[in-house]
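What follows is one structure encoded as structure tokens, with my remarks underneath.
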Amino acid sequence: MDLRDKRIVVAIGGGIAAFKAVEVVRELQRRGATVRVAMTASATRFVGPITLTGLTGTPAVVDLWDPRYAGEVHVELGAWADAVLVAPATMNLLGRAAAGLADDVVLATVACARGPVIFAPAMHTRMWTHPATTHNVERLRAVGAAFVGPVEGPLASGEIGMGRLAEPARIVDAVEAALRPGATDLEGVRLLVSAGPTHEDLDPVRFLGNRSSGKMGFALAERAAARGALVTLVSGPVALTPPAGVTRIEVRSALQMREAIASRADEQDAVVMAAAVADYRPSERAEHKRKKAGEVQLTLVRNPDILLELGERRARLGAHRPVLVGFALETQDLLDNARAKLERKKVDLIVANEAAVGFAGDTNRASLVDAAGATALPAMSKHALADRILDRVRERLGVEAPPERA
Ligand code: C5P
């Protein structure tokens with residue numbers, strides 16, 4: 001009875017999964033919630049408002065102009081509810097919500113919600129994987145909405161794919177999680193993230209470097225902190241402001257980064273190496289600025305591979321901590337190289353990036369490669385990708401977690 005005294009609006013969208021909203025309402029009630037229902041006009045084609053009215057004991061609202069609600073129905077439901085659950089959320093509904101429309105009772109309720117809004121999407125796979133949907137989900141997440149599902153399984157079309165409504169019990173779990181005060185699924189997890197390039201000095205004014213912006217590592221630090229982790233961000237030289245609540249350690253060179261990380265690794269639950277660490281450094285750093293002198297030959301020596309050292313040390317100790325995540329930026333044979341890296345560096349997860357996509361921008365397209373296989377993700381913001389990576393870290397840590405996170 002975890003939802004005792006909670007008031008939940010179930011807002012039903014017009015998809016075949018609408019009939020399952022009945023089961024969701026029942027499950028909410030079983031856990032103690034008081035439920036009221038709003039429906040889009042098309043939802044009523046799949047499930048009758050009378051059914052929902054009967055179940056909840058209050059009229060299911062479909063029409064913004066319903067005379068039983070003189071005046072303020074568009075505000076009233078959202079203000080009444082402790083949480084608004086949109087189930088099923090169709091592609092169209094997600095698009096309208098992301099655009100900030102409020103032209104029916106479902107969207108007006110979402111717009112006026114004073115508590116958390118949880119979307120349980122259900123649609124055909126091609127609609128779910130459509131870039132417009134990806135974008136709309138990100139926009140809604142960015143304004144704090146939570147998502148549960150969809151899941152993979154048989155669809156109404158008879159095909160098997162991603163897009164099925166999550167199970168009612170899982171949906172209601174997500175409502176509970178969203179209502180838990182300060183619900184954060186990485187609470188207390190100690191996480192070290194490295195970010196940015198390293199600069200390998202040639203002399204007091206010149207260095208060898210690379211174009212890493214640091215944005216991926218900073219996004220990871222920001223999302224992890226928002227999810228309750230205790231974050232240490234070891235960053236090379238970047239022009240970014242560290243997220244609030246994160247301990248930042250600034251370094252320049254690979255050797256400094258190695259020192260900063262190795263000295264803290266044992267106390268971490270997880271280490272995510274998002275930094276583009278230089279593989280080589282000049283064999284010597286001139287004390288004074290080098291003079292022009294015709295042709296110059298530089299001798300470079302290998303830098304230590306920080307991640308490899310962490311992986312080998314962990315293996316030597318027979319330990320499972322810290323969870324280790326590396327990145328692989330490749331221009332060819334992305335997945336083969338990522339798998340090889342996973343094994344060679346003895347880490348838990350490799351985030352494989354196409355070099356053309358990820359470096360300076362705000363979006364990234366990556367595959368997550370672990371011992372169980374590779375998952376290709378669609379292009380998404382670095383923050384969204386950070387969340388996906390952190391989900392894997394959480395799984396690896398076996399931290400008890402809400403089923404879906406905002
Ligand atoms: O072998 P490669 O450089 O492609 O591996 C990339 C991964 O290894 C990244 O996670 C990077 O942060 C890490 N790395 C490291 N030390 C190095 C080079 C890369 O930890 N010297």
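Coordinate-derived values only; no laboratory data. Small disclaimer: the values here were computed from a predicted structure and weren't measured. For neighbour counting, all protein chains shown are included, and Cβ atoms are generated from backbone atoms with ideal geometry for every residue, glycine included.
Using the 10 angstrom Cβ neighbour count as an exposure proxy, how do Ser212, Ser194, Ser381, Ser283 rank, fewest first?
Ser283, Ser381, Ser212, Ser194
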Report summary line: Within the chain, the percent of DSSP beta bridges that are antiparallel, given to the nearest 5, stands at 30
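Only bridges whose two residues both fall in region 190-397 count here: according to DSSP, what percent of them are antiparallel, nearest 5? Before the final figure, lay out each step's value.
Details: 15 of 40 bridges.
Antiparallel bridges: around 40 percent, rounded to the nearest 5.
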Requested in this report: State, as an integer percentage, the relative contact order of region 197-310 based on alpha-carbon contacts under 8 Å between residues 6 or more apart.
Outcome: 32
Query - Rounded to 10°, Cα long-axis angle of helix 215-226 versus longest principal axis of the chain - result: 50
Requested in this report: Identify which of Leu165, Leu334, Leu28 has the largest mean-square fluctuation in a Gaussian network model of the chain, with springs joining Cα atoms closer than 10 Å.
Outcome: Leu334
Query raised in the report: So for region 7-179, taking the charge dipole from beta-carbon charges (+1 Lys/Arg, -1 Asp/Glu), which of Ile16, Met91, Ile171 sits furthest toward the positive end?
Result: Ile171
Query - Amide H contacts of Gly153 (H built 1.01 Å from N, under 5 Å, at least 5 apart or other chain) - result: Gly161, Met162, Gly163, Arg164
Report summary line: Rounded to the nearest 10, the angle in degrees between the Cα long axis of helix 254-265 and the longest principal axis of the Cα atoms of the chain comes to 50
Requested in this report: Grab the beta carbon distance between Ala79 and Arg170, set R0 = 25 Å, and tell me the FRET efficiency rounded to 0.05.
Outcome: 0.35
Query raised in the report: With springs only between Cα atoms under 10 Å, which of Leu298, Leu335, Leu186 fluctuates most in a Gaussian network model of the chain?
Result: Leu298
Report task. For the chain, set up a Gaussian network in which alpha carbons nearer than 10 Å are linked by springs, and say which option among Ala286, Ala225, Ala43 fluctuates the most. Result -> Ala286
Report summary line: When the charge dipole of the chain is computed with +1 at the Cβ of Lys and Arg and -1 at the Cβ of Asp and Glu, the Cα pointing farthest to the positive end, of Val238, Val151, Thr299, is that of Thr299
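Calculated FRET efficiency, Thr51 and Leu377, Cβ-Cβ r, R0 35 Å, to nearest 0.05?
On the way: r = 38 Å, r/R0 = 1.09.
Efficiency, from the Cβ-Cβ distance: 0.35.
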Query raised in the report: Do you know the relative contact order of the chain, to the nearest whole percent, from alpha carbon pairs under 8 angstrom that are 6+ apart?
Result: 12
Requested in this report: List the residues whose amide H sits under 5 Å from the amide H of Leu202, counting only those 5 or more places along or on another chain, with H placed 1.01 Å from N in the peptide plane.
Outcome: Phe207, Leu208
Requested in this report: Could you work out how far the C-alpha centroid of region 231-297 sits from that of region 126-186, in angstrom?
Outcome: 38
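Counting only pairs 8 or more residues apart or on different chains, how many lysine pairs in region 190-397 have their Cα atoms under 28 Å apart? The partial results should precede the final answer.
Values: Lys215/Lys341; Lys215/Lys345; Lys215/Lys346; Lys215/Lys382; Lys341/Lys382; Lys345/Lys382; Lys346/Lys382.
Step by step, the pairs that qualify in region 190-397 add up to 7.
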Query raised in the report: Roughly what % antiparallel, to the nearest 5, for the DSSP beta bridges in region 7-179?
Result: 20
Query - Estimated inter-spin distance, Ala286 and Thr241, nm [label 7 Å along Cα→Cβ] - result: 3.9
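Assign unit charges at the C-beta atoms only (+1 for Lys and Arg, -1 for Asp and Glu), then state the dipole size of the chain relative to its Cα centre in Debye, rounded to the nearest 20.
Values: 51 positive and 48 negative charges, 112 e Å.
Roughly 540 debye for the chain.
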Report summary line: Hydrodynamic radius by Kirkwood for the chain, inverse mean 1/r across distinct Cα pairs, in Å, is 23.3
Report summary line: Amide H proximity to Arg36 below 5 Å, modelled H, separation 5+ or other chain, gives Ile8, Val9, Val10
Query raised in the report: From the backbone phi of region 15-20, what are the Karplus-calculated ³J(HN,Hα) couplings (6.51 cos²θ - 1.76 cosθ + 1.60, θ = phi - 60°) in whole Hz, Gly and Pro given as x?
Result: x, 4, 5, 4, 5, 6
Query raised in the report: So what's the gap between the Cα centers of region 56-87 and region 21-36, to the nearest angstrom?
Result: 16
Query raised in the report: By how many degrees, between 0 and 90 and to the nearest 10, does the Cα long axis of helix 382-397 differ from the longest principal axis of the chain?
Result: 90
Query raised in the report: Hey, can you rank 122-128, 81-87 by average C-beta count inside 10 Å, highest first?
Result: 81-87, 122-128
Report task. With θ set to phi - 60°, apply the Karplus curve 6.51 cos²θ - 1.76 cosθ + 1.60 along region 291-305 and write out the HN-Hα couplings as whole Hz, x wherever there is a Gly or Pro. Result -> 7, 4, 7, x, 6, 10, 10, 9, 9, 10, 10, 5, 7, x, 8
